[in-house]
Every structure is written in C-alpha cells, then in structure tokens.
Amino acid sequence: MPDFIKMGLALMVVGLVATSVLAVTESVTREPIAEAKRQEILRALTQVLPQGFDNAPDSDTVLFTDARLNRKLKPVTFYRGRKGGANLGVAYVVIAPDGYSGNIEIMMAVTPGGTVSGIQVVAHAETPGLGDKIVITDWPKSFQGKTIDNIKWGVKKDGGDFDQFAGATITPRAVVKAVKKGLEFFLENEAKIFQPASTEAAK
Amino acid sequence: MSTTKEIITSGFWTNNVVFAQLLGMCPLLGVTTTAINGIGMGMASLAVLLGSNVVVSLVRNYIPTEVRIPSYIIIIASFVTIIDLVMNAYLHDLHKVLGLFIPLIVVNCAILGRAEAFASKNSVIQSAIDGIASGLGFTFALFLLGASRELLGAGQIFGIDVFGPSYHPAIGFILPPGAFIALGFILMGIKWLEAKREERKVVPAPIPIPEA
C-alpha cells in the first residue's frame, strides 16, 4: 500500500473515532448543561424578583427589542413573576456597554408601577478588588425600592445619589446608567410587558 | 526504560512543566487569580494529559510518523472538548470562571509536548503515570501561583480572610502584571532550592548511613 494512502487512512480513522466519541459526549451532556443554565437563571431570578412568585418565571417570558436594553438590538427576554395570577414583577437582563472592561450584564427586576425590586450583576470583567465591588458588596441593594423619581439617578460624583467606590467610578456609573435606561423602557411599555403570553391569551 | 519513581519525580519536579520547561504559560498566567481557580484548571489539564497520553501511547505503533502530530492534536482536542462539556454540565460554576481557558488547553504546549516526547515512545502504563505526574506538577504550579496571588492580592486563601481587616490587599497581584511578578519570584525560589540541593550533593556525607 502506498504511504500516502496509509497516512490518509490513519488520519481518517482517528478523525472518525474522535467525532463519534464527541457526538456521544455531546448527547449525554446536552440535558445537564441546559438544566445547569436554567438553574443559574432561576437563582438570579429568585435574587432580584420580589419574594413569593408562584409561577415559573423562566417559562413565562416575552421578548422585546430596544436600543436602551441592548445596543446591538438583540431581543431581551423578560421573565415575569406572578403570584396567584397577579403581576408581581418582571426581571430582565440589561447590558452596560461602558464599563471599565467590556460589557456588564445586569439582571434587574421591576414591580408593577415601576419600582426596582433588585439588581444582580450576572456577567462582568471588571477589575478584581475595585470594579467587582458591584458584585461582592451590598452595593446592588442600594437599588431596592428605587423609582425613576425618588432618587437622583447617577453616582455621587455626577451629582446623583448612588455611591461610587474609591478608585472605581466608571463601573458603578455604567451600572446606574444601564439600570436607569432599563427602568425607562419598563415605564413606557409596562402594559405590554405584563401582557400574558400569546398562547395564554388565545384561551 | 525508566522506573516509575523516575517518571514521577521527573514529571512532578525535575522536569515540571512550569518550573523547568516554562510551558503552558497562557492558562498559568490567565486563570491563577485564586487558589481554587488554579486547582480547577490544573485538574482539567491533568485529565486531558492523562487521556491523551494513554491514547497516544495506545496508537503509537499504528500511526505513521508523518501524520502523528495532526493525529495527536485531534486526540488532545477531543479530550479537551469532552472535559469542556462535562465540566459545563456538572461543575457549572467553575466552568463559568475558567470559561475561555478550557478550550485553550488544546494549545497548551505541555500536553502535546508530553504526547510527543513521552507517550509516543513508552508503554501505556508508563504514559499514564507520566500524564498523572506531569498533570499534578502543573496543578501544583498553578496552585502555588494562585495561592500567592490570592494571598497578596486579596488577603485570602480559598476565599477565607487570612490577615484580618487591617490588611490592605495589593490589588496589583490579582491583575495580569501581578501574575508575571509572582511567577518570577516563585521561579527564583525554585532555582534557589535547586541550587541548595546541588550544593548538598557535592559535599560527601561524612558517615555513610547503612541501609536498614
């Protein structure tokens, strides 16, 4: 057998075996990965939404596209928490594009009427020890109970009411700005946001 | 060829992937902001090393020499993808932290290096031992660097405060430059240890201790 055929055959066999092993692994891990991601979202939802929702917010969702939520106009999922059919709050992820290093993804929740019930940073690449105080301190709690009117939206350096950190102003400024935009979007579209999913409406 | 003990000492210490060969710098410097990240990355690399060493050793007599490198790369890449998927499914939080660095294990020269330099010439058992030893050596290096950076940069070990609130962490050690600085000092320490051992070897023991 000529050498080049032998080489080709060897590579083909290696490739075939590798592909089939990977295919099997993928099919085995697909379910657990989806479940782990779902748990992650649920954990964040429980953190930000008001206590006591009795539906599954991760399946009661609606999509919106708006430049204030996502500059690249990707649809944003709104997770709606309800209790006994009444609207309890809605949670969604806004993206702050102007952090110190890369995008900051923030899950925020708003109750009917437009009060922020909580925020949580779900992804960021801010400086450890400085900017990451938006995650590891109680700072996100300062958003609880805030409406568009009852606080000046901005960090103290900019004349607002939110604390900045020593050595890190850009990060909290970006978060405050993103949450404010998210809240403004909510106020304009509240009725549409809480509208039951189209499948439910058809009943 | 070499005894089990030699393989282990060589993989873990004398030929340590990091301290002696300075390979695998990308994950080494990238993920070691905390001790636990270092261990996680080290264990993932260990699993890939073990898997690829065993398989490469198994097929070493069937793969023509001319195409061995692409074959090794396919084998290594497959193991990395398997680890990536399995970690994503069962160790989701750690996977989120290590993120991008898991796929990058493919291009960790240490792994291809062991496949080419050791597994392609030795038996399956020896290759497995070498994979574990080198992997542990790599994990140890990552842990050492991660722990020093976490200690200096955040005042913590495994997330537990060590120095109390009066300590002002040197944030620089968590940032990328800190990785280079800390690694430099660790390498200096290792070289110093080695030099000490060399000195001791030169001086003959005055009374030879009889073997028990």
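The values are calculated or read from the model by the stated rules, or taken from the named source; none is laboratory data. Predicted, not measured: the structure shown is a model, and the values here were computed from it. Glycine gets a Cβ as well: all are built from the backbone with ideal geometry, and neighbour counts include every protein chain shown. The accessibility values were calculated without ligands, DNA or RNA, using every heavy atom of the protein model including side chains. Shrake-Rupley method; radii C 1.70, N 1.55, O 1.52, S 1.80 Å.
Taking the criterion of being at the interface with chain A (Cβ under 7 Å from one of its Cβ atoms), out of contact with any Asp or Glu (no Cβ under 9 Å at 6 or more places or on another chain) and either assigned to a helix (DSSP H, G or I) or surrounded by fewer than 19 Cβ atoms within 10 Å (Cβ to Cβ) (or both), the residues of region B:63-74 that qualify are B:VAL67, B:PRO70, B:SER71, B:ILE74. The residue that is nearest to B:GLY38 (Cα to Cα), among those in region B:102-127 that are open to solvent by 20 Å² or more (accessible area, probe 1.4 Å) and of a type in the set (Gly, Ala, Ser), is B:GLY113. For region A:147-155, state whether one or more residues are out of contact with any Cys (no Cβ under 9 Å at 6 or more places or on another chain), among the hydrophobic types (A, V, I, L, M, F, W, C) and part of a helix (DSSP H, G or I). No. In this structure, is B:THR9 within 11 Å of another protein chain (Cβ to nearest Cβ), open to solvent by 20 Å² or more (accessible area, probe 1.4 Å), in contact with a helix residue (DSSP H, G or I) (Cβ under 9 Å, 6 or more places away or on another chain) and closer than 17 Å to B:PHE140 by Cβ? Here the answer is no, as B:THR9 does not meet what is asked.
Scan region A:100-130 for residues that are closer than 19 Å to A:GLN51 by Cα and either among the hydroxyl-bearing types (Ser, Thr, Tyr) or outside any strand (DSSP E or B) (or both) and the total you get is 6.
For region A:10-45, the tally of residues that are within 22 Å of B:VAL97 (Cβ to Cβ) and open to solvent by less than 70 Å² (accessible area, probe 1.4 Å) stands at 11. For region A:58-72, the condition of being at pLDDT below 90, more than 12 Å from chain B (Cβ to nearest Cβ) and under 26 Å from B:VAL86 (Cβ atoms) holds for at least one residue. Tell me which residues, restricted to region A:113-136, are closer than 15 Å to A:ALA44 by Cα, out of contact with any Asp or Glu (no Cβ under 9 Å at 6 or more places or on another chain) and within 11 Å of another protein chain (Cβ to nearest Cβ). Scanning region A:113-136 gives a single hit, A:ILE136.
Condition check for A:ILE136 on (1) of a type in the set (A, V, I, L, M); (2) within 24 Å of B:LYS96 (Cα to Cα); (3) in contact with a strand residue (DSSP E or B) (Cβ under 8 Å, 6 or more places away or on another chain): one failure, at (3). From the list B:LEU94, B:LEU136, B:LEU144, the one residue that fits, being away from every other protein chain (no Cβ under 14 Å) and within 16 Å of B:THR33 (Cβ to Cβ), is B:LEU144. Of all residue pairs spaced 6 or more apart or on separate chains, those with beta-carbon atoms under 6 Å, a first member in region B:134-156 that is under 18 Å from B:ILE190 (Cβ atoms) and a second member that is charged (D, E, K, R) and assigned to a helix (DSSP H, G or I) are B:SER134/B:ARG114. Taking region B:50-62 as the range and being within 11 Å of chain A (Cβ to nearest Cβ), crowded, with 19+ Cβ neighbours inside 10 Å and of a type outside the set (Val, Ile, Thr) as the test, only B:GLY51 passes. Looking only at residues that are touching an Asp or Glu at 6+ places or on another chain (Cβ under 8 Å) and either over 24 Å from A:GLY52 (Cβ atoms) or not aliphatic (A, V, I, L, M) (or both) in region A:82-93, which one is most open to solvent (accessible area, probe 1.4 Å)? Looking at the filtered set, the residue picked out is A:LYS83.
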